[in-house]
Amino acid sequence: MIGFVAASWSFGIVQHSRSRWNSTGSIQFQSNRNSRGNRSTLLCSSSKSEWSPDSWRKYLKTDQHSSNISAFLPSGDVLEGVERKLTSLPILVSPGEIAALKESLKRACLGKAFVVHAGDPNASASQTGSREKRIESTFRLLVAQVIVLAYLSGLPTVKIGFVEHSPIMADCLVEDACVSDVDQLAQASVSKYSDWAMALNMLRAIAKSTGSMMEWVDLIKTQIEDGAIAESSDVKKFEKVHPKTAQFLRMITLVDDALQFVTACGVDVANDVFREPEFYTSSDLSTLWYEQAFTRNDKTYGTKGEYFCTAGHLLVVNMENLGSNSPYFEFLRGVENPICIRVGPSSDTSKICEMLTALNPKNDPGRIVILVGMGPEGMWKHFPNLIRTVETCKANNVVYCCDPMIENEAILRSGSRTRPFDLILAEVEAFFSVCEAESAIPGGIHLNMTGEQINEVFGGSFGFESRQVTSPGPGEQSRLNGLQALEIAYETGNCLRRLRNRAEIH
């Protein structure tokens with residue numbers, strides 16, 4: 001119980017390897033990863049001394065995946081003026097925060113934490129007022145999930161939030177009339193910066209808005225009851241139809257009892273450690289000249305000459321964009337941020353050792369996260385080979401996270417686009433099963449979700465029938481609603497608990 005309270009606000013992402021749970025509830029490793037693997041040929045330049053924030057540009061013409069960057073790369077005169085404007089703006093996240101995330105990931109490699117990487121992918125498509133409401137409701141839901149996971153698993157949980165960004169003036173930049181307009185381009189770039197700065201400031205304010213952790217626990221109960229009321233005006237009647245509602249409410253009562261107990265023991269749950277849930281952010285690499293403008297090594301921010309991309313703490317990139325001589329790869333190898341690599345069922349992982357060694361030549365824990373989204377069947381078909389391949393690499397300190405959303409989209413007879421809840425949960429369970437079978441530690445989960453009462457995902461214990469599902473808007477993605485997201489957190493926590501219990505038996 002006290003272990004839960006100590007765990008719930010902490011940060012980290014769990015690392016894979018041979019696993020055993022020790023008496024403190026963490027995962028011990030029995031791996032020879034640091035002594036295994038062959039030396040790999042490095043990609044792009046072989047030394048950081050040959051790297052600069054703009055060295056990625058020399059690979060634009062040679063990389064097959066660079067055309068999407070070139071489309072948004074204005075002429076030199078136009079871009080130079082915009083970059084001057086952007087480089088004069090304050091940073092969005094600090095190098096100290098980025099270093100703290102890496103340190104959390106390093107501790108997580110000892111098996112002492114679990115990650116929730118979640119957010120609303122449609123928030124940026126909203127009008128301003130609605131967008132702010134979406135961001136706030138999603139953050140509160142993220143905190144609720146963390147409490148559920150921490151209570152069930154006994155592990156500290158790292159919170160990494162994301163908000164999708166559209167490429168800056170994507171429609172306009174490919175038209176000659178706009179490419180030459182430095183003022184219009186600068187305005188769009190600063191607008192993107194301002195939107196993200198607003199979101200970060202709002203999240204930091206929300207994190208400080210409660211008097212104690214007990215208030216966050218009350219918010220979970222409210223989330224469950226509001227979801228029940230949205231379905232039925234009578235919560236008790238809803239509980240009879242959906243027994244898991246009663247299970248959730250009983251669990252929240254137990255969490256509240258735990259907090260009351262430690263308070264009685266003299267622990268102040270109103271202090272900053274319990275009152276303010278810290279969090280990190282992730283940023284998808286999209287327009288590299290924009291990320292370059294926020295890549296700083298100013299000693300004012302506490303750096304020692306290292307470069308940090310201050311557009312986000314964790315930088316996310318698709319595996320397909322990390323080929324040999326890739327501009328994305330060249331940019332990433334020189335910054336100190338942790339890197340999250342998306343891997344799907346069709347990703348070519350034949351050169352993954354070469355890539356990991358070049359991105360993480362010292363095999364530092366906390367540098368690389370691998371986000372795996374393959375569908376339930378694909379998880380069994382492709383994920384084991386990925387784990388075995390990475391284990392042979394020289395740089396094999398990686399964190400495995402599951403993305404059960406991306407490969408599970410379906411179209412119903414009504415024509416509605418959706419993601420079946422059963423497939424999402426099946427992929428989560430497959431992820432845990434494969435990790436256990438391959439002696440790898442499940443490190444985290446990625447979810448598209450919102451705290452709003454929507455019905456875009458079909459099914460779940462509180463779920464909707466197919467006739468009730470509504471499609472997301474054009475260009476938007478199906479998201480879990482509050483109750484569905486909490487159910488995924490609940491089942492994920494149970495998977496972690498079962499894994500720990502079986503490891504303790506053996």
With +1 at each Lys and Arg Cβ and -1 at each Asp and Glu Cβ, the charge dipole magnitude of segment 283-362 around its Cα centre, to the nearest 20 debye, comes out at 240
Net charge, Val343 excluded, C-beta distance under 12 Å - Lys, Arg +1, Asp, Glu -1
-3
Could you pull out the pairs from Lys102/Lys381; Lys58/Lys106; Lys85/Lys299 whose alpha carbons sit more than 23 Å apart here?
Lys102/Lys381; Lys58/Lys106
How many angstrom lie between the C-alpha centres of segment 375-427 and segment 338-366?
17
Using eta = 0.692 mPa s and T = 37 °C, Stokes-Einstein with Kirkwood Rh from Cα pairs puts D for segment 410-506, in µm² s⁻¹, at 225
If Lys and Arg each add +1 and Asp and Glu each add -1, what is the summed charge of the other residues whose beta carbon sits under 12 Å from the beta carbon of Pro384?
-1
Once Leu254 and Thr389 are pulled to full extension, the length gained, defined as 0.36 nm per residue separation minus their Cα-Cα distance, is 44.4 nm
When you count, for each residue, the other Cβ atoms within 10 Å and take the mean per peptide, how do 442-453, 369-380, 385-396 rank with the highest first?
442-453, 369-380, 385-396
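Where a number appears in this text, it was derived from the coordinates with a stated rule and is not lab data. All of these numbers come straight from a predicted model, not from anything done at the bench. Methodologically, a virtual Cβ is constructed for each residue, glycine included, from the backbone with ideal geometry; neighbour enumeration extends over all protein chains shown.
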